[in-house]
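Visitor: I'd like to ask you about the structure that follows.
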Amino acid sequence: MATPATSRSAAPAAGTVSPRAHRKLLGAGLVGSSIEWYDFFLYGTAAALVFPHVFFPDASALTGTLLSFSTFWAGFIARPIGGLVAGHYGDRYGRKPTVVTCLMLMGAATFLIGCLPTTAQIGVAAPILLVLLRFVQGAACGGQWGGIVLLLTESAGPKKRGLAGTFGQMGVPFGVVLGNLVFLIATATISNEAFLSWGWRVPFFASALLFPIVYYIQTKVEDTPEFRALQQESSKRSAKVVQAPLAQAIKHNWRTIVLGCGLLAATNCLFYISIAGVLSYSTTELGMERNDVLAISLVVSVLSVGVILWSGKMSDRWGRRPLIMIGAAAIIVWAFPYFWLVDTANLGWFFVAVMVGSIFQSMTYGPIAAYLAELFAPNVRYSSASLAYQRAAITVSGGTPVVMTAIIADTGSTAFVSVFIAFMGLLTFLAAWRLRETNPASVRQDPDALPGAHLY
């Protein structure tokens, strides 16, 4: 499944990283990932609640929502491009410099979105600039995930990679929490007119907080032991640091990349329905209060952090595939009850629907960081893992709110949205079933074995 140019000697245990240094790295990875995802998801909340009024004021409510979610999708279209470029340079020149570049791009693009004039001020140029900046956000997001995950997992002890990877994965719900919290504070402290006029910009300006994290990673964090080992051996074995890692990744790993993409189908589908699609649907079609729905999303995201941490840790004990397959099967079962409860427009049942869905989705998501990293050889790992992760972004994540809105508009029902969720769950279950376990019992019981090493 991986390139034949890799040997076990290229994947040393992370003993060269002290426990204290690794704790600092975990903290920096969590904070940096959280703010990065805050920037990315902030756009989704604004696309559901603000942008139809600010950038598409002459469209009907439905058309404005569809147009707004289409600009949201632009970020996901850009994510594979960012993943490809960052993966190529990350495998050639290192994880850290690539991560730093991506974080800086994300912070700058998000800040500039907050500076944009509205359509009423500059006409059609406003949504065009919005799409361009969203594209930059997407490219930066596509590049940073693989880099942060590899910084964490490649620097972790061989029996703690699942746990270490969750410190990048937990940035996703923390990003949602931060985005919703800022919007809740803004809407609670100023009038709706002021919020649509200027208040929506404040959460985007807050992205400037990312730059101190960038500075810390640049000055205090070293690249991973595995990549440094590749660099040290490159003079002895020219194949170790390949000159065209992206081409090598596609040539030798394309089947695993496709299946790796499938691993994310269920979790991405249900996650983006919960944070964007249902947010719009509940406020525009069901008449629920915006702040009530935002508060539920915030609470659910906080609780999902614990599930992600638990599932990643358990994947170090039980293996990666069992957690992913159980979560995917549960998503299939929950797909219809999810919308039966949402359609009641009752806050209590709405919370149950989203909370239970989040538990299953987070159970699937937690082990994926370590699993995708271990599926590929170190010299093409950044390229391969990023390509798998970001293909799911363009094929599932970004289009899901648009698909959901279009299905409901066409059928007047959420039944086929549930069918869509169940189908995504089936794809994830089958992908995990086809892939090999990277952390089997033979590896877990061997104190010196490295997860994934038996695949190379």
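Every number in this text was worked out from the coordinates using simple rules, so none of it is lab data. Only a predicted model underlies this, so the values are computations on that prediction, with no experimental measurement involved. Positions of Cβ are generated from backbone atoms using ideal geometry, with glycine treated the same way; all protein chains shown enter the neighbour counts.
Visitor: Add +1 for every Lys or Arg and -1 for every Asp or Glu among the other residues with Cβ under 14 Å from the Cβ of Asn268, and state the total.
Guide: Local charge sum for Asn268: +2.
Visitor: Summing +1 for each Lys or Arg and -1 for each Asp or Glu, what net charge is found among the other residues whose Cβ lies under 14 Å from the Cβ of Thr411?
Guide: Values: positive: none; negative: Glu285, Asp343, Asp410.
Charge balance near Thr411 sits at -3.
Visitor: Another question about this same structure. Nearest 10 degrees, 0 to 90: what angle lies between the long axis of helix 125-153 and the longest principal axis of the chain (Cα atoms)?
Guide: Taking Cα atoms only, the helix is inclined about 30 degrees.
Visitor: Count charges around Lys159 for me, please; just the other residues with Cβ under 12 Å from its Cβ, Lys/Arg as +1, Asp/Glu as -1. Working shown, then result.
Guide: Numbers: positive: Lys160, Arg161, Lys313, Arg317, Arg444; negative: Asp316, Asp446, Asp448.
Overall, the nearby charge balance is +2.
Visitor: Oh, and also: Put +1 on the Cβ of each Lys and Arg and -1 on the Cβ of each Asp and Glu in segment 335-456; which of Val380, Ala415, Ser362 then has its Cα farthest toward the positive end of the dipole?
Guide: Checking the options against the dipole of segment 335-456, the answer is Val380.
Visitor: Moving on to the next point. For a quick check: sort Ser442, Ser386, Ser297 by the number of other beta carbons within 10 angstrom, fewest at the front.
Guide: Ser442, Ser297, Ser386
Visitor: Which of Trp310, Trp254, Trp37 comes first, and how do the rest follow, when ranked by fewest Cβ neighbours within 10 Å?
Guide: Numbers: Trp310 16, Trp254 12, Trp37 26.
Taking fewest neighbouring Cβ atoms as first place, the list is Trp254, Trp310, Trp37.
Visitor: I'd like the distance between the alpha-carbon centres of segment 75-98 and segment 118-132, rounded to an integer number of Å.
Guide: After rounding, the separation between the Cα centres reads 28 Å.
Visitor: Measure off 7 Å from each Cα along the Cα-to-Cβ vector at Ile128 and Met355, then give the distance between these two points in nanometres to one decimal.
Guide: About 4.8 nm separates the two model spin labels.
Visitor: Between the helical axis of 210-220 and the dominant principal axis of the chain, each derived from Cα atoms, what acute angle in degrees is found, rounded to the nearest 10?
Guide: The answer is roughly 10 degrees.
Visitor: Using a 10 Å cut-off around each Cβ, can you sort Phe360, Phe72, Phe416, Phe376 from fewest to most neighbouring Cβ atoms?
Guide: Phe416, Phe360, Phe72, Phe376
Visitor: Can you flag which of Lys159/Lys251; Lys24/Lys159; Lys251/Lys313; Lys24/Lys96 are past 21 Å Cα-Cα?
Guide: In this structure, Lys159/Lys251; Lys251/Lys313 exceed 21 Å between Cα atoms.
Visitor: Using Cα positions and a limit of under 18 Å, work out the aspartates and glutamates in reach of Lys220, with same-chain residues fewer than 8 apart set aside.
Guide: Glu154
Visitor: Something else now. Residue by residue through segment 253-269, what is 3J(HN,Hα) from phi via Karplus (6.51 cos²θ - 1.76 cosθ + 1.60, θ = phi - 60°)? Round to whole Hz and write x for glycine and proline.
Guide: 10, 4, 5, 5, 4, 4, 5, x, 4, x, 4, 9, 4, 5, 5, 5, 4
Visitor: Which entry is the computed Cα extents along the principal axes in Å for this structure: [x] 60, 50, 42; [y] 77, 53, 44; [z] 64, 44, 38?
Guide: [z]
Visitor: On a full-extension model of 0.36 nm per residue, what is the gain between Ser442 and Ser413, subtracting their alpha-carbon distance, rounded to one decimal in nm?
Guide: Value of the extension gain: 5.6 nm.
Visitor: How many angstrom lie between the Cα centre of segment 382-429 and the Cα centre of segment 264-313?
Guide: Centre-to-centre distance over Cα atoms comes out at 15 Å.
Visitor: As a check on your grasp of the helix formula, calculate [θ] at 222 nm for the chain: sum -39500 (n - 2.57) over DSSP H runs of n ≥ 4, divide by the residue count, round to the nearest 500.
Guide: That comes out to -24000 deg cm²/dmol.
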